[in-house]
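The values are calculated or read from the model by the stated rules, or taken from the named source; none is laboratory data. Bear in mind that the values here come from a model prediction, so they are computed numbers and not experimental data. Because the Cβ atoms are built from the backbone with ideal geometry, glycine has one as well, and the counts that use them run over all protein chains shown.
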Amino acid sequence: MEKKIIGGFRHVRYEQTQINPEEMILRSERFYAEMDNRRTVREFDTRPIPIEVLENIILTASTAPSGAHKQPWTFCLVSDSRIKKKIRDAAEEEEKISYSTRMPETWKSDLKPLGTSWEKPFLEDAPYLIVVFKQSYGLENGEKVQHYYVSESVGIACGFLIAAIHQAGLVAVTHTPSPMNFLSEILQRPFNEKPYLLIPVGYPKAETYVPDIHRKPLEEVLKKF
Ligand code: IYR
């Protein structure tokens with residue numbers, strides 16, 4: 001591999017396969033069509049999935065760019081049904097309070113078309129739960145390591161994760177029980193890690209329906225200058 005010292009540090013030559021503009025248009029269209037076919041699914045089949053698929057999905061998420069390349073994320077992969085039940089019980093306990101007293105009416109009416117409720121059977125039905133933690137700071141040999149743009153970095157990694165789940169032919173829901181500190185306790189995470197997202201992954205239930213909602217058109221999301 002070709003190497004060069006830049007600013008006192010070793011760099012390696014990077015070469016990406018060059019694609020001509022016509023092929024680029026085709027490939028970007030195909031990728032958009034594939035991603036546009038992704039839907040959040042809240043009803044899962046209990047069928048198992050090979051662990052390698054989950055490992056590859058998490059490796060893909062972990063290719064995300066991050067502040068100063070600190071990779072400030074931990075992905076906890078839960079398949080143990082006792083731990084899934086603990087997570088479901090704790091999440092439903094919080095969600096019950098949220099839906100009955102914490103969430104204002106506007107919020108609840110905004111969620112009506114999506115059909116959500118305090119009940120979270122997907123936390124037990126999905127064969128895997130990926131619990132994403134963000135590391136406020138790192139720990140190396142007991143020493144604190146500074147992390148940067150932690151939420152942005154972990155958010156990007158979760159985007160990669162969701163894309164990889166879809167590309168593998170699986171479905172997921174980005175679940176944010178609130179508050180979700182119970183996840184740190186159940187999974188016994190160190191103090192520098194804070195729960196970020198809980199993503200059940202699996203096959204959709206045999207006959208699945210999703211809300212009839214639509215994505216904003218290009219004119220609404222793109223302003224050209
Ligand atoms: N955390 C709750 C409520 C919820 C909030 C939003 I914003 C959503 O897009 C969906 C759900 C729950 O998981 O039900």
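Where residues in segment 137-166 are hydroxyl-bearing (Ser, Thr, Tyr) and over 28 Å from Val53 (Cα atoms), which of them is surrounded by the fewest Cβ atoms within 10 Å (Cβ to Cβ)?
The extreme case among them is Tyr148.
For a quick check of your reading: which helices (runs of 4 or more DSSP H) sit entirely within segment 33-130 and have at least 3 residues that are within 13 Å of the ligand (Cβ to nearest atom) and modelled with pLDDT of 95 or more?
So the answer is 81-97, 105-111.
Go through (1) loosely packed, with under 10 Cβ neighbours inside 10 Å; (2) within 28 Å of Lys85 (Cα to Cα); (3) not hydrophobic (A, V, I, L, M, F, W, C) for Thr60 and report which single condition fails.
(1)
Scanning for something aliphatic (A, V, I, L, M) and touching a helix residue (DSSP H, G or I) at 6+ places or on another chain (Cβ under 7 Å), does segment 17-24 turn up at least one residue?
Looking through segment 17-24, at least one residue is aliphatic (A, V, I, L, M) and touching a helix residue (DSSP H, G or I) at 6+ places or on another chain (Cβ under 7 Å).
Please identify the pairs in which a residue from segment 207-222 that is under 22 Å from Val171 (Cα atoms) has its Cβ atom under 6 Å from the Cβ atom of a residue that is part of a helix (DSSP H, G or I), counting only partners at least 6 apart or on another chain.
Taking only residues 6 or more apart or on different chains, the pairs are Pro211/Pro113; Pro211/Leu114.
Yes or no: segment 177-188 includes at least one residue that is within 11 Å of the ligand (Cβ to nearest atom), assigned to a helix (DSSP H, G or I), in contact with a helix residue (DSSP H, G or I) (Cβ under 6 Å, 6 or more places away or on another chain) and at pLDDT 95 or above.
No, because not a single residue in segment 177-188 is within 11 Å of the ligand (Cβ to nearest atom), assigned to a helix (DSSP H, G or I), in contact with a helix residue (DSSP H, G or I) (Cβ under 6 Å, 6 or more places away or on another chain) and at pLDDT 95 or above.
Residue by residue through segment 202-225, note down the ones that are within 28 Å of Ser79 (Cβ to Cβ) and more than 16 Å from the ligand (Cβ to nearest atom).
Gly202, Tyr203, Pro204, Lys205, Ala206, Glu207, Thr208, Tyr209
Within segment 143-166, does at least one residue satisfy the condition of being at positive phi and touching a residue at least 40 places away in the same chain (Cβ under 8 Å)?
Yes, that holds for at least one residue.
Would you mind telling me which numbered condition in (1) within 16 Å of the ligand (Cβ to nearest atom); (2) more than 25 Å from Lys85 (Cα to Cα); (3) not hydrophobic (A, V, I, L, M, F, W, C) Tyr149 fails?
(1)
Taking the conditions exactly as written (of a type outside the set (D, E, K, R), surrounded by fewer than 21 Cβ atoms within 10 Å (Cβ to Cβ), in contact (Cβ under 8 Å) with a residue 60 or more places away in the chain and touching a Cys at 6+ places or on another chain (Cβ under 8 Å)), does Thr174 satisfy them or not?
yes
So how many residues does segment 103-142 have that are touching a residue at least 40 places away in the same chain (Cβ under 8 Å) and over 26 Å from Pro204 (Cα atoms)?
Qualifying residue count for the region: 6.
Six or more apart or on different chains, Cβ atoms under 6 Å: show the pairs whose first residue is in segment 69-84 and in contact (Cβ under 8 Å) with a residue 60 or more places away in the chain and whose second is among the acidic types (Asp, Glu) and surrounded by 15 or more Cβ atoms within 10 Å (Cβ to Cβ).
From residues that are in contact (Cβ under 8 Å) with a residue 60 or more places away in the chain, the pairs are Thr74/Glu193.
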